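This report concerns only the one structure given below.
The values are calculated or read from the model by the stated rules, or taken from the named source; none is laboratory data. As the structure is a prediction and not an experimental result, all values here were calculated from the model. Using ideal geometry, Cβ is built from the backbone for each residue, glycine included, and neighbour counts are taken over all protein chains shown. Quick note on the areas: whole protein, heavy atoms, side chains included, nothing else; ligands and nucleic acids left out. Shrake-Rupley method; radii C 1.70, N 1.55, O 1.52, S 1.80 Å.
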Amino acid sequence: MKILTYNINKSNQEKIEMVLAYDADLFILPEVACPSRVVLPEGYRLEWTGDLPNKGLGVIWKPSLKVEIPSWFNPELQYFLPLLIDGQLIIAAWPTTTEQNKPMRYPQITLSAIQEYAPYIKAHPTMITGDLNCYKGQSGETKKYSIQAIFDTLADMGLTSAYHQLKSETLGKETVPTYYHLFKETQPFFIDYTFSSIPLKSYSLGEWDRNLSDHVPQFMEL
């Protein structure tokens with residue numbers, strides 16, 4: 001199974017078609033529009049969650065995949081969408097501030113979701129992938145709530161970062177950014193991650209296409 005994770009920055013139909021051209025089996029897309037605003041090829045499915053119709057967390061998959069949204073999905077954690085595929089758990093992630101969680105920062109939002117789904121993460125081979133909006137040294141991070149705490153919590157559950165394992169790089173010392181703030185090459189950050197206890201056949205970051213997004217895509221194959 002080929003998976004593409006890509007924050008496509010305020011989606012429109014042209015961007016959807018550009019992303020689908022990558023021909024993955026499963027597309028995890030932060031900042032995608034709701035299903036009524038997206039046209040897909042016949043048989044493709046879009047599962048979507050969000051507060052604004054033009055900007056939510058979407059997952060698109062091909063007709064050949066059998067995907068289940070589990071009964072234990074917590075709608076209050078709407079920007080963490082669990083999928084069960086052939087006994088494996090894939091959690092699409094995009095921690096986002098809402099009226100309900102506004103006092104919380106991104107690491108705390110992420111850790112709250114991880115703790116909520118911990119029994120299922122431990123029970124299944126699991127991948128958590130998306131735009132986490134977290135980086136080493138970001139404003140407001142604490143020892144309890146930080147990207148390091150996320151790494152440590154997931155490591156205790158058997159999940160490691162695909163990028164850091166592949167590149168043998170340490171957190172905060174990444175040589176390749178995944179996000180360019182305000183589309184500026186002078187403001188690079190590493191905020192897109194894939195954590196997995198599922199063996200990966202391959203993992204890579206794509207090239208930055210400023211016409212499509214301020215992020216780069218993540219490609220992986222199980």
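Would you be able to tell me the number of residues in the range 1-33 that are open to solvent by 10 Å² or more (accessible area, probe 1.4 Å) and touching a residue at least 24 places away in the same chain (Cβ under 8 Å)?
Pass one, the range 1-33, residues open to solvent by 10 Å² or more (accessible area, probe 1.4 Å): 1-2, 9-15, 17-18, 20-23, 25, 31.
Those left that are additionally touching a residue at least 24 places away in the same chain (Cβ under 8 Å): 1-2, 9-11, 13, 15, 18, 20, 22, 25, 31.
Residues that pass the stated criteria total 12.
Starting from residues that are touching a helix residue (DSSP H, G or I) at 6+ places or on another chain (Cβ under 8 Å) and open to solvent by 20 Å² or more (accessible area, probe 1.4 Å), keep the ones in the range 47-62 and report whichever is nearest to Asn9 (Cα to Cα).
Of everything passing the filter in the range 47-62, Asn54 is nearest to Asn9 (Cα to Cα).
List pairs: first in the range 189-203 and within 16 Å of Leu29 (Cα to Cα) and acidic (Asp, Glu), second modelled with pLDDT of 95 or more and assigned to a loop (DSSP other than H, G, I, E, B), Cβ under 9 Å, 6+ apart or cross-chain?
Filtered contacts from the range 189-203: Asp192/Tyr6; Asp192/Asn7; Asp192/Leu132; Asp192/Thr178; Asp192/Val216; Asp192/Pro217.
Is it the case that some residue within the range 135-149 is under 22 Å from Leu26 (Cβ atoms) and crowded, with 17+ Cβ neighbours inside 10 Å? If you could, list the steps in order and put the result at the bottom.
Keep residues of the range 135-149 that are under 22 Å from Leu26 (Cβ atoms), which gives none.
No, there is no match, as no residue in the range 135-149 is under 22 Å from Leu26 (Cβ atoms) and crowded, with 17+ Cβ neighbours inside 10 Å.
In the list Tyr79, Tyr44, which residue meets the criterion of being among the hydroxyl-bearing types (Ser, Thr, Tyr) and open to solvent by 50 Å² or more (accessible area, probe 1.4 Å)? Write out each step before concluding.
Details: Tyr79 fails: open to solvent by 50 Å² or more (accessible area, probe 1.4 Å).
Sole residue among the options that is among the hydroxyl-bearing types (Ser, Thr, Tyr) and open to solvent by 50 Å² or more (accessible area, probe 1.4 Å): Tyr44.
Quick one: in the range 180-201, which of the residues that are open to solvent by 40 Å² or more (accessible area, probe 1.4 Å) and within 17 Å of the chain's Cα centre (by Cα) is nearest to Tyr120 (Cα to Cα)? Break it down stepwise before answering.
Step one: of the range 180-201, the residues open to solvent by 40 Å² or more (accessible area, probe 1.4 Å) are 181-189, 197, 199-201.
Adding the requirement that they be within 17 Å of the chain's Cα centre (by Cα) leaves 189, 197, 200.
Working: Phe189: 30, Ser197: 13, Leu200: 20 Å.
Top of the filtered list is Ser197.
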